[in-house]
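A short write-up of the structure that comes next.
Every number here is computed from the coordinates shown, using simple stated rules; none is lab data. Please read these numbers as outputs of a predicted model, since none were measured by experiment. Every residue, glycine among them, receives a Cβ derived from its backbone with ideal geometry; neighbour counts consider all protein chains shown.
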Amino acid sequence: MADKYTDFVSRGWGRDLAKRLGLPQPVRLRRYEPGAPLVPGPVLLIGTGPGADSLETALKGWDVEVLRDPGIATAAGGTHDAGGSASSSASPAAPGANAPTGGTAKLGGIVLALDSITRPEDLAGPVLAAGRALRSLAPNARVVTVSRRSSTADEPALAAARAGVEGILRSLAKELRSGATGNGILLAEGVSAEVPSALGALRFLLSGRSAFVDGQFLTVGTAKGELPADPDKPLAGKVAVVTGAARGIGAAIARTLARDGAKLVVVDVPAAGDSLAKVANEVRGTALQLDITKPDAGERILEHALSRHGAFDILVHNAGITRDKLLANMDAAKWDAVIAVNIAAQLRINDALMGSGRLPDGFRIVSVASTSGIAGNRGQTNYAASKAGVMGMVRSTAARLAATGGTANAVAPGFIETEMTAKIPFATREVARRLNSLQQGGLPLDVAEAIGFFASDAAGGISGNVLRVCGQNLVGQ
Ligand code: NAD
């Protein structure tokens, strides 16, 4: 499963050789460690207005040094010069007080507050200011835009400016190097940059928890949610059920949610009972041997969680299978098996739970989809139908859970280093693994971190989202 190529080109003569030959040079990604600084250096905050000011306050509250640049275009159409002092500036900065100069710490990140732009011409000032600071970014730094979601209700110029941010961010993410990523937060109309889920999303995107999330957007729809008292234990006191948890991504999800403070119920088929018991012991949770396609699966999950743990706050639908065949060769058994496990079971379990009247307010559903469900994949019509179906399901379920403050979201992994992907023939695997902006596969942990974020109180205002964890895979949107 190890990515030996990344090890080889990360140091010594392997690194020199790769450089000379112009080969991909993936770097070791910065991943979350409890207690570690949020970002590897000061953050340059570009933009003016209340949005930028509240982001500054939040960043400082997280012990991040903040440098300010108003990012305003000059009358001549250019922008103020970069450079100037690297000292943190408490005020909404005089022009030019921004990127570090020689000898100062490299930037750990750039945050662009673009929530008050109204026309495409407004983009030049802040975006070119970010451009000038890019060479000052530390390895594994972060660029995060905070802007408004465009909608058909917007005036055309406003919609163009807002949609323009998405094009900029996705392109910029492809230009970043050395493990740095670019992601964005889209605020719905009437939602300010200081609501808990905007700040929760900012923290997630700046941190090592989002190592393999690149070129993506999180949409904050409401002011609901709550930042955790302890950012290293965002799931303290929650009871979470994870399906397909005997191995692979599901086991990583169980470990990650347990690390973050949740009590776990791990579910898998009876045939995987031994591995499931090991995972349950490791996370000090309980095991439920259950085929999720059974008609009473929802009721059994609910009974187990409530009788053994006295609560049930989070459900992670992770169990999934593939039965790949070109459609011309597809038989009904392969088609039906994939639909039954990957989507029909999730629908039936959700119906049973939501109809039980026993779920708490604020219940969280997080489903594992796949980039195959977005971009399509040769030989995977059945799998893509099920995974695109999962995305449709969470959007619809989000609306149904909204009245009780619950959320439904999905995570769509790209190439993840698991037993499943280790079986892909070498050449095909190498291509699949490198075809993303970070030039490497993600780890099960990376998928788990995104799920942990959606499951947390901080994400209470985020629902109906599909977040790709794919290193900005070059395939698909
Ligand atoms: P995996 O095969 O290693 O693990 C899946 C687990 O689900 C297994 O333990 C299996 O026993 C369990 N399972 C299968 N059918 C079940 C059923 N009917 N009831 C209960 N449990 C059942 O797969 P993985 O790579 O860890 O994938 C986990 C999820 O991530 C799946 O939904 C998969 O489609 C998705 N995914 C994986 C990748 C990747 O690169 N590995 C990429 C995109 C999406």
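Only Cα pairs under 8 Å and 6+ residues apart enter the sum, and on that basis the relative contact order of segment 397-477 stands at 45 percent.
Ranked for footprinting exposure by Cβ neighbours inside 10 Å, fewest first, V143, V66 give V66, V143.
Helical runs assigned H by DSSP (4 residues or longer) give the chain a calculated mean residue ellipticity at 222 nm of -11000 deg cm²/dmol, each run adding -39500 (n - 2.57) before division by the residue total. Each residue in T243, T322 was given a count of other beta-carbon atoms within 10 angstrom of its own, and listing them fewest first yields T322, T243. Any chance you could check the Cα centroid distance between segment 415-477 and segment 332-356 for me, in angstrom? Answer, in whole Å: 23. Pull up the cross-link candidates among the aspartates and glutamates for K224, meaning alpha carbon to alpha carbon under 15 Å and not fewer than 8 places away within one chain. Candidates past the 8-residue exclusion: E189, E194, D361, D457. Of all DSSP bridge pairs formed entirely within segment 236-289, close to 0 percent run antiparallel. Each peptide in 146-153, 108-115 gets a packing score, the mean of other Cβ atoms within 10 Å over its residues, and the list from highest to lowest is 108-115, 146-153. Subtracting the Cα-Cα distance of T118 and R395 from 0.36 nm times their residue separation leaves 96.9 nm of extension gain. Stokes-Einstein diffusion for segment 120-259, with the hydrodynamic radius set to the Kirkwood value over Cα pairs and evaluated at 37 °C in a medium of 0.692 mPa s, equals 193 µm²/s. Summarise the long-distance tail of P(r) for the chain by giving the % of C-alpha pairs beyond 30 Å. More than 30 Å apart: 46 percent of the Cα pairs in the chain.
Compared with the alpha-carbon gap, the fully stretched path from F8 to R429 is longer by 149.8 nm at 0.36 nm per residue. When peptides 3-12, 384-393 are sorted by average Cβ neighbour count within 10 Å, with the highest value leading, the order is 384-393, 3-12. Starting from the Cα of K174, draw a straight line to each of the lysines and keep only those under 29 Å, dropping any in the same chain fewer than 8 residues away. Output for K174: K4, K19, K60, K106, K387, K423. Take every pair of alpha-carbon atoms less than 8 Å apart whose residues are at least six positions apart; their mean separation over the length of the chain yields a relative contact order of 14 percent. Here the Kirkwood formula, the inverse mean of 1/r across different C-alpha pairs, assigns segment 197-290 a hydrodynamic radius of 14.6 Å. Exposure proxy ranking for W13, W335, based on other Cβ atoms within 10 angstrom of each Cβ and starting from the fewest, stands as W13, W335. Note on segment 120-196: Rg/Rh from Cα positions, Kirkwood definition for Rh, rounded to two decimals, is 1.00. Peptide packing for 263-269, 57-63 was compared via the average number of neighbouring C-beta atoms within 10 Å per residue; ordered from the highest value, the list is 263-269, 57-63.
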